[in-house]
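Quick one: the structure is below, and I'll ask about it shortly.
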Amino acid sequence: MLPALVRKTWRDDRRAVLGWAVGVAAFTTIYTSFYRQFQGAAELKQEALPQGMLDFLGIADMFSPAGYLQATIFSLVGPLLVLMCAITLTARTIARPEEDGGMELLLANPLSRTAFAGQRLAATGTAVTVVAAIPLLLLFVVVPRVGMDIPLSNVAAAGVGLIALVWCFTGIAFLAGAVSGRRSSVLAVTGALAVAAYMANAISGMSEGWHWVRWLSPFHYFIGTDPLHTGWHPVELLILVAVGAATALAGVWAFDRRDVGV
Amino acid sequence: MTSDYAVLTEDLTKFYGQRRGIESLTLRVGAGEVLGFLGPNGAGKTTTIRLLLDFLRPTSGSATVLGLDPRRDKAALHRQIGYLPGELSFPGRETAGDLLRFFGAARGGVAWSQVTALAERLDLDLSRPVRTMSKGNKQKVGLVQAFMHRPALLILDEPTSGLDPLMQQEFLAMVRDARDAGQTVFMSSHVLAEVQHTADRVAIIRDGRLAAVERVESLGKRAIRSVEIHFNDPVDPAEFDVLPGVSEVTVSGPVLRCTVSGRLDPLIKMAARHEVVDMLSAEPDLEETFLSFYYHSEGAGDASRAGA
């Protein structure tokens, strides 16, 4: 049987997880299901906007099925939704109970500090992964059905990339919470980093001089490789996972070494 | 041998930056003992408790709990501790029953009959969500989770806060039962009356330092009584002022009022020289004792500052 704390964490988070799952599922389904109807409008949109603007919005082209899918699901709103879900849920692992006082009774459980932090992270990490996997799972059904001509292997690469991106920021959010014990710090630090990373990736495409900054951006490793056209890029995905794992471990380490609930 | 002590601290010190938490606290609580840990709000009671539980790490000094190291052996140690926080806040939205099932499972399984017996004893409805409960009922949930796994050591921070007098009595009975079962109880309070009926010893902390450790009986011997004697004829206050232990003598006509610390004998002997109509002596109030010996005697300013 799973540890009691893991089950308790899921039970406490289930409403929020369900809400995010429904939201992400609705978003994915609605945008992709109306692929044919959007086609005409998309062409107009693309003609109306200058190329620089399209680059900034992360829209390569909206004529091709892959371009359409990238523009709608993987460029801005999709990552934004799943990242917000990941950051707010991760803020609940340590920061929220520490602020509202529930931490005392949670931490009084017979677990070492590291086991406590590890179980909280494992429970939330699983929930976040489930939400982040929803676009991938739905696209497997929707893409063939609406007649988008994209290899499912490429769809899988992009969908897995989204999960890897979420792991990366979940690790960062966990570290922020484990160190500070404050929800506002988790939201501010991780939110600011996510926005900066998105901007860095967007700006690097617009100007040659800024090309190098994309190497700093997790968004580059997620979507800059153009997985919907080019398929799998395991090294880039592993970099995202490695950043997430390293920050998560650093968070467990930091939580084991500080005063809690002062 | 450290294992003879349930709690052993040596020069335990905690500073939050420049702010004092506790300083050089050396305290021994014997296994099977009930210790009342007293002091005004802000004196460092909760800091001490959180150090024992490894929520805080000491600035210097050390603590040994049930012969174990609070940090290194946290998992093994917390299985044998029942903890009631001073500021109760429950994680989640479940009913009291579901929450207690979680605590039971997390501690490796607790017989459910144990939980229902405690709930019945405290008149607690387990089917209600904890969030919707009154402060008193939340306190009962807190007590049930602290006692439910029959821990070797109960660490209770302000255990009776929010309980009505009847439930306070029930709680004190639970503490006596725990002692009879060989459990150690470490309970903090800022009210002496709360612990005087159950505690074997009282440790008094003020401004982060241990002011005194006394057996409860010896605190009683030091009791201050207020005495009022009605004589047949007016008396001279100067006669009584000089008696050992007698102070604050006021005389209005034939009525003498004073406070007596320690034995009443000198006052009685002196009063017997006159014709006594009536005599009133208020019960020794340990609260008064407590305050006079440990706050007022070393400066009332300290006590008021610590209470801020």
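The values are calculated or read from the model by the stated rules, or taken from the named source; none is laboratory data. All values reported here derive from a predicted model rather than from experimental measurement. As a convention, Cβ positions derive from the backbone with ideal geometry for all residues, glycine included, and neighbour counts pool all protein chains shown. Ligands, DNA and RNA are excluded from the accessible area calculation, which covers all protein heavy atoms including side chains. Shrake-Rupley method; radii C 1.70, N 1.55, O 1.52, S 1.80 Å.
Given (1) open to solvent by less than 50 Å² (accessible area, probe 1.4 Å); (2) in contact (Cβ under 8 Å) with a residue 12 or more places away in the chain; (3) within 9 Å of another protein chain (Cβ to nearest Cβ), where does B:Ala96 come up short, assuming only one miss?
(3)
Looking at (1) surrounded by 15 or more Cβ atoms within 10 Å (Cβ to Cβ); (2) at pLDDT 90 or above, which one does B:Asp177 not meet, given that it meets all the others?
(1)
Mind listing whichever residues of segment A:81-114 are of a type outside the set (Val, Ile, Thr), closer than 19 Å to A:Val166 by Cα and not in a helix (DSSP H, G or I)?
A:Arg92 - this is the single residue of segment A:81-114 that is of a type outside the set (Val, Ile, Thr), closer than 19 Å to A:Val166 by Cα and not in a helix (DSSP H, G or I).
Do any strands (runs of 3 or more DSSP E) lying entirely in segment B:167-271 carry at least 2 residues that are among the β-branched types (Val, Ile, Thr), and which ones are they?
B:184-189, B:201-206, B:224-231, B:246-252, B:255-261
Within 14 Å of another protein chain (Cβ to nearest Cβ), on the phi > 0 side of the Ramachandran plot, part of a loop (DSSP other than H, G, I, E, B) and open to solvent by 50 Å² or more (accessible area, probe 1.4 Å) - does that describe any residue in segment B:4-21?
Looking for residues that are within 14 Å of another protein chain (Cβ to nearest Cβ), on the phi > 0 side of the Ramachandran plot, part of a loop (DSSP other than H, G, I, E, B) and open to solvent by 50 Å² or more (accessible area, probe 1.4 Å), one finds at least one in segment B:4-21, hence yes.
On to the next question. Could you grab the pairs with beta carbons closer than 6 Å, sequence gap of 6+ or different chains, first residue in segment A:87-114 and more than 9 Å from chain B (Cβ to nearest Cβ) and within 20 Å of A:Leu193 (Cα to Cα), second one open to solvent by 10 Å² or more (accessible area, probe 1.4 Å) and in a loop (DSSP other than H, G, I, E, B)?
Pairs found: A:Ala95/A:Arg182.
For B:Glu158, are the conditions met, namely being at positive phi, of a type outside the set (Lys, Arg), within 14 Å of another protein chain (Cβ to nearest Cβ) and open to solvent by less than 40 Å² (accessible area, probe 1.4 Å)?
yes
Taking B:Arg101 and the conditions (1) in a helix (DSSP H, G or I); (2) buried (at least 18 other Cβ atoms within 10 Å of the Cβ); (3) within 24 Å of the chain's Cα centre (by Cα), which numbered condition does it fall short on, given that it satisfies the others?
Answer for B:Arg101: the failing condition is (3).
Sticking with this one: Got a sec? Which of A:Leu121, A:Leu187, A:Leu152 is under 16 Å from the mean Cα position of the chain (by Cα), more than 21 Å from A:Arg7 (Cα to Cα) and open to solvent by 20 Å² or more (accessible area, probe 1.4 Å)?
A:Leu187
Residue-by-condition table, conditions (1) at pLDDT 85 or above; (2) not β-branched (Val, Ile, Thr):
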site: B:Ile229; (1), (2): yes, no
site: B:Pro237; (1), (2): yes, yes
site: B:Val251; (1), (2): yes, no
site: B:Pro254; (1), (2): yes, yes
site: B:Cys258; (1), (2): yes, yes
site: B:Ser292; (1), (2): no, yes
site: B:Ala303; (1), (2): no, yes
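Looking only at segment A:223-247, count every residue that is farther than 21 Å from A:Leu80 by Cα and open to solvent by less than 20 Å² (accessible area, probe 1.4 Å) and tell me the total.
Within segment A:223-247, residues that are farther than 21 Å from A:Leu80 by Cα and open to solvent by less than 20 Å² (accessible area, probe 1.4 Å) number 1.
If you check B:Arg131 against the conditions, is it at the interface with another protein chain (Cβ under 9 Å from one of its Cβ atoms), within 25 Å of B:Leu163 (Cβ to Cβ) and basic (Lys, Arg)?
When the stated conditions are applied, B:Arg131 does not pass them.
Filter segment B:180-201 for residues that are open to solvent by less than 30 Å² (accessible area, probe 1.4 Å) and modelled with pLDDT of 90 or more and give the result.
B:Gln183, B:Thr184, B:Val185, B:Phe186, B:Met187, B:Ser188, B:Ala199
Something else: Restricting to segment A:156-185, count the residues that are among the small types (Gly, Ala, Ser) and not in a helix (DSSP H, G or I).
The number of residues fulfilling the criteria is 1.
I've got another one for you. Is there a residue being more than 18 Å from the chain's Cα centre (by Cα), part of a loop (DSSP other than H, G, I, E, B), crowded, with 22+ Cβ neighbours inside 10 Å and at negative phi anywhere in segment B:64-86?
yes
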